[in-house]
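To keep things clear, I will list the structure first and then write my remarks on it.
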There are 2 protein chains.
Amino acid sequence: MTSAAEIPDTETVPEEPSGGGEPARVAGGIPEATVARLPVYLRALYTLAERGANTVSSDELAACAGVNSAKLRKDLSHLGSYGIRGVGYDVEYLVYQVSRALGLTQNWSVVIVGAGNLGRALANYGGFLTRGFQISAILDSDPSLVGRPIGPVTVRHVTELESVITSNSVAIGVIATPAGTAQVVCDRLVAAGVTSILNFAPLVLNVPDGVDVRKVDLSIELQILAFHAQRRFAERFGQESDSAAEA
Amino acid sequence: MTSAAEIPDTETVPEEPSGGGEPARVAGGIPEATVARLPVYLRALYTLAERGANTVSSDELAACAGVNSAKLRKDLSHLGSYGIRGVGYDVEYLVYQVSRALGLTQNWSVVIVGAGNLGRALANYGGFLTRGFQISAILDSDPSLVGRPIGPVTVRHVTELESVITSNSVAIGVIATPAGTAQVVCDRLVAAGVTSILNFAPLVLNVPDGVDVRKVDLSIELQILAFHAQRRFAERFGQESDSAAEA
DNA sequence: CGTTGTTTGTGAACGAATGCACAAAGTGCT
DNA sequence: AGCACTTTGTGCATTCGTTCACAAACAACG
């Protein structure tokens, strides 16, 4: 759930109505729910490729990705018709097509703001940033952290934010600061031209239209888990004292 | 979109059909999409309470939470009818009701497995674990980390996993290990009785029915951002070379 | 070449989520 | 008490997402 339901926060510019009864088909033609699953498929494909698989059926790939095979096929059908009936999908070719659809054939420059525990974890997580992303800088306001090497870069002072962004044409900003400074950092990122932001600070960021914010929030996830745990608990034993089931 | 969309992974046990035309109403009566937003409302309510607000209208609260006010009212209506027409909601009372709905009136015991950068970040993030959650232990397999104090606890060896869980009646496990060991850790958590798992490792965990897994995955979020960034880019300038828009 | 078996791609039914728009229900002023 | 104003709670239409089930397309083999 999510993503949650995740759960989308994008402000998508609506296209012309385009007649049909299809499920929306925003510009780019790929529904949000599908976009959120493509990275999962991509990871499964890489795993399969490492195992030496040349082709894969929708059933196998769906099992690896933890989804139902009909959903997988419908998702992939939004990218084009890249399967072979009676055989399956060519792994390498599908990797390329999914990557292209996600925009990973170009390299994206990322700046991380905040070199605390979380920022360090992100910068060090080589596995995360393998393909398509490159950390241009990690910034912090604490002078005692500046100059310290973390992962592929060294910490720079947050005053350099604007110059780092313009000189590296950074398109994605990651906010790993405390909640108190997150909005200020966000405003500066946006003013400097960043239109994609990944927010780890526990607050709702305010951004103008045209800026895409995604949030990752531990406490929210924990609370959702707590809800389900409580529900399971109440189901197993009798109903709780006063649930919302009164007439 | 996190969650957005985030995106559900729960195996919910369907209740009796219950007749009506309402949107599903799983056991507990609260739709998934609503559950995912309740923590956001709760945080906004705490912020408002700190500012000294006694009551709040759906418009204000919706603005704080970054959603549409009709959606907010519909969400809250699933908990019961706790507003006063013409006035709004009593902040303190609503905090209590939302907390109760989420199962935060009891304390949940959490164990973090993996004391690397990420595990340390989580254990130190006091802001995350304020209300309703308590870190019972943080575990790692690296002997050089054992004994080191992190946040409210000290690192213990992962061999103690089972005993920690049973003696603290831990209900929630957080996996902050590398991908290679995540499944093994997961299996051990499940075998020890944990039914709620928050997974930070970049892989799809395999769990039996009745276990609830939520994942937090940086690379997926980045890839979704990249997709939208690419789309915006292609929209601004002419269409890309070959999009999927052929007849 | 036809037949059998496999797997994709998708039409169509269903189910969930969103947002509008308004009646119902309250406050406060005169 | 009556009236004007505010805000909740919800029925309804619409959009979005999932799943089923099957025809179309291909491989393999005799």
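Numbers at a glance
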| read-out | value |
| --- | --- |
| Verdict on A:ASP140 being within 16 Å of DNA strand D (Cβ to nearest atom) and more than 10 Å from chain B (Cβ to nearest Cβ) | no |
| Residue count for region B:54-82, restricted to those that are crowded, with 18+ Cβ neighbours inside 10 Å and more than 21 Å from A:PRO208 (Cβ to Cβ) | 8 |
| Selection from region A:206-219 of residues that are hydrophobic (A, V, I, L, M, F, W, C) and at the interface with chain B (Cβ under 8 Å from one of its Cβ atoms) | A:VAL216, A:LEU218 |
| Residue check for A:ALA229: crowded, with 23+ Cβ neighbours inside 10 Å, within 12 Å of chain B (Cβ to nearest Cβ) and not charged (D, E, K, R) | no |
| Filter result for B:ALA44 (modelled with pLDDT of 95 or more and either of a type in the set (Val, Ile, Thr) or more than 18 Å from the chain's Cα centre (by Cα) (or both)) | no |
| Residue within region A:21-31 that is in a loop (DSSP other than H, G, I, E, B), among the basic types (Lys, Arg), within 13 Å of chain B (Cβ to nearest Cβ) and away from DNA strand C (no atom under 11 Å from the Cβ) present | yes |
| So A:ILE135, is it part of a helix (DSSP H, G or I), β-branched (Val, Ile, Thr) and buried (at least 18 other Cβ atoms within 10 Å of the Cβ) | no |
| Candidates B:VAL190, B:VAL204 - the one that is in a helix (DSSP H, G or I), at pLDDT 95 or above and surrounded by fewer than 23 Cβ atoms within 10 Å (Cβ to Cβ) | B:VAL190 |
| Candidate set from region A:87-124 (those that are open to solvent by 50 Å² or more (accessible area, probe 1.4 Å) and of a type in the set (Ser, Thr, Tyr)); member that is nearest to the other protein chains (Cβ to nearest Cβ) | A:THR105 |
| Wholly within region B:41-119, helices (runs of 4 or more DSSP H) carrying at least 2 residues that are away from DNA strand C (no atom under 16 Å from the Cβ) and not basic (Lys, Arg) | B:91-102 |
| Search result, residues across region B:138-151 that are surrounded by 14 or more Cβ atoms within 10 Å (Cβ to Cβ) and either within 24 Å of the chain's Cα centre (by Cα) or acidic (Asp, Glu) (or both) | B:ILE138, B:LEU139, B:ASP140, B:ILE150, B:GLY151 |
| Residue check for A:VAL164: among the hydrophobic types (A, V, I, L, M, F, W, C), out of contact with any helix residue (DSSP H, G or I) (no Cβ under 6 Å at 6 or more places or on another chain) and closer than 21 Å to B:HIS228 by Cα | no |
| Count - residues of region B:159-180 that are assigned to a helix (DSSP H, G or I), open to solvent by 20 Å² or more (accessible area, probe 1.4 Å) and touching a strand residue (DSSP E or B) at 6+ places or on another chain (Cβ under 9 Å) | 4 |
| Of all residues in region B:41-86 being within 12 Å of DNA strand D (Cβ to nearest atom) and of a type in the set (Val, Ile, Thr), the one that is farthest from the other protein chains (Cβ to nearest Cβ) | B:THR55 |
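The values are calculated or read from the model by the stated rules, or taken from the named source; none is laboratory data. Everything quoted here is computed from the prediction, not taken from an experiment. For neighbour counting, all protein chains shown are included, and Cβ atoms are generated from backbone atoms with ideal geometry for every residue, glycine included. Accessible surface areas use protein heavy atoms only, side chains included; no ligands, DNA or RNA. Shrake-Rupley method; radii C 1.70, N 1.55, O 1.52, S 1.80 Å.
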